[in-house]
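Data first, discussion second: the structure below is written as structure tokens.
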Amino acid sequence: MLKSRIIPCLDVKDGRVVKGVSFVDLIDAGDPVQAAKAYDAAGADELTFLDITASSDNRSIIFDVIKETAEHCFMPVTVGGGVREVADVRKLLNSGADKVAMNTAAINRPELVKEAADKFGNQCIVVAMDAKKVSADNEPDRWELFTHGGREKTGIEVGEFARKVTALGAGEILLTSMDQDGQKNGYDLALTRYVADSVRVPVIASGGVGNLDHLVDGIKLGGAGAVLAASIFHFGTFTIGEAKQHMHDAGIAVRLD
Amino acid sequence: MTSNLVTIIDYGSGNLHSVAKAFERAVRDANLDIQIEVTSSADRVAQADKIVLPGVGAFADCRKGLDAVDGMVDALEENVIQKGRPFLGICVGTQLMAQRGLEKETTNGLGWIKGDVIEIMPDDPKLKIPQIGWNTIDLVGEKNKDHPLFNGIKTGPEGSHAYFVHSYHIAANENEIIATTNYGGPVTAIVGRDNIIGTQFHPEKSQKLGLAFITNFLKWKP
């Protein structure tokens, strides 16, 4: 049977891992390729790179990072950040990415999802959604998409958008709760469940992991096919192996080989 | 005699770099006397001892890409079907061996394997499409249970995992299905006959299982 996935996520800026990775003795904690190799060896099921490079001068560095990663790591890699057109998707896939995540571009021009899916197949197009709860406590839950790191409101309802982009050809949703991100209180499970139930494609839960039970909850209660986390792995709070064992003990099928 | 030229066909498909790197690694680790060459030249493919057709993308687009390379389909027919040189398809490269692809539009395949490429239909509506992630491999039937490409690889529900990322598979005849994976019922994982084999999963992304499988292909003498 298909196993639930654990995905460490590396934020990369100007070719360097933001905040660094310290769970193993890396010679250079900011080198994304070294971090990727360490996660490959640790048994991560996939790796996600989010390129947050702001300067257009340094936009092309990510291609070299992906190329070098693919020389050493024979594991699936998703890359997001700065994807604006079909040519960007092609370049990332050619560099060695297996899936490409688009975020703001899919909101600004949803047809990009269709153009890319028609060309490369639905299976490699991920739409990354940054969601925030906008309903008051006494109202029914409502989440909307935000851009620019949660600063800009779009007014777009998440379930509606998820259905729209999957109809256009998105093969997976990377769903981040901007309310939970960095809080270490766990995923927004109601949000995750809501989106997972809205679409047929797998949902990756993201934002808020502080302990291993949160990963279990993301799968069991959130209905996610994969759980993404950053800091708990990067700073060595838990290893990938510990996370998998914990999920296995909770009755979730994971890959242990 | 060892095969010495393995060509990986470049027809504009996305994952060439990863495939080439995995093959180079397998050659190095197993100390094989094999040259790996990524090429869009039909002549090189015609001269190759083994041929790999990778593929990421939509079926129709990949077929168009293959047809756009001058003489490539003829070189494949000649070297693989007539001369019987070992051939490995990967993902859409595998699907292209079928008679027709039904993804987005109907497109003719190479017709080497009987059957159409259709959307997977898990019997459990809770299972997501595409299938994305790691799944185990079940070799089908008595004749495949010691398949040389799975030498040293543990199969079955407790076995090693391969990485899948797909919405479609070949609905092949039973005699040409070498392995399946369980995703709400059997999904085609490997098809083949004689000197031809193709995986729905990505060996170049399947860590240990993948490198072992690639090494076995490089040593394969069908």
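The values are calculated or read from the model by the stated rules, or taken from the named source; none is laboratory data. Model, not experiment: these values are computed from the prediction. Cβ placement follows ideal geometry from the backbone for every residue including glycine, while neighbour counts extend to all protein chains displayed. For accessibility, only protein heavy atoms count, side chains too; no ligands or nucleic acids. Shrake-Rupley method; radii C 1.70, N 1.55, O 1.52, S 1.80 Å.
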Hey, can you tell me all the residues within the range B:110-121 that are surrounded by fewer than 23 Cβ atoms within 10 Å (Cβ to Cβ) and either touching a helix residue (DSSP H, G or I) at 6+ places or on another chain (Cβ under 9 Å) or at pLDDT 95 or above (or both)?
B:L110, B:G111, B:W112, B:K114, B:G115, B:D116, B:I118, B:E119, B:I120
Being within 14 Å of chain B (Cβ to nearest Cβ) and free of Cβ contacts under 8 Å to residues at least 12 places away in the same chain, is that true of even one residue in the range A:38-45?
yes
B:W134: passes all of (1) within 11 Å of chain A (Cβ to nearest Cβ); (2) among the hydrophobic types (A, V, I, L, M, F, W, C); (3) surrounded by fewer than 22 Cβ atoms within 10 Å (Cβ to Cβ); (4) not in a loop (DSSP other than H, G, I, E, B) but (3)
B:A98, sole failed condition from (1) in a helix (DSSP H, G or I); (2) open to solvent by less than 10 Å² (accessible area, probe 1.4 Å); (3) closer than 23 Å to B:I178 by Cα; (4) not hydroxyl-bearing (S, T, Y)
(1)
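Rundown of residues vs (1) of a type in the set (A, V, I, L, M, F, W, C); (2) open to solvent by 20 Å² or more (accessible area, probe 1.4 Å); (3) modelled with pLDDT under 95, yes/no style:
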| residue | (1), (2), (3) |
| --- | --- |
| B:E77 | no, yes, no |
| B:E105 | no, yes, yes |
| B:V140 | yes, yes, no |
| B:K145 | no, yes, yes |
| B:L149 | yes, no, no |
| B:T155 | no, yes, no |
| B:G159 | no, no, no |
Can you pull out the residues in the range B:25-37 that are open to solvent by less than 70 Å² (accessible area, probe 1.4 Å) and without any contact (Cβ under 8 Å) to a residue 60 or more places away in the chain?
B:I36, B:E37
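Considering only residues that are more than 16 Å from A:I7 (Cβ to Cβ) and out of contact with any Leu (no Cβ under 9 Å at 6 or more places or on another chain), which ones fall in the range A:238-249?
Once the filter is applied, which keeps residues that are more than 16 Å from A:I7 (Cβ to Cβ) and out of contact with any Leu (no Cβ under 9 Å at 6 or more places or on another chain), the range A:238-249 yields only A:D249.
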Wholly enclosed helices (runs of 4 or more DSSP H) of the range A:54-144 bearing at least 1 residues at the interface with another protein chain (Cβ under 10 Å from one of its Cβ atoms) and open to solvent by less than 20 Å² (accessible area, probe 1.4 Å):
A:61-72, A:86-95, A:111-120
Among (1) open to solvent by 10 Å² or more (accessible area, probe 1.4 Å); (2) assigned to a loop (DSSP other than H, G, I, E, B); (3) touching a helix residue (DSSP H, G or I) at 6+ places or on another chain (Cβ under 8 Å), the one test that B:G84 misses
(3)
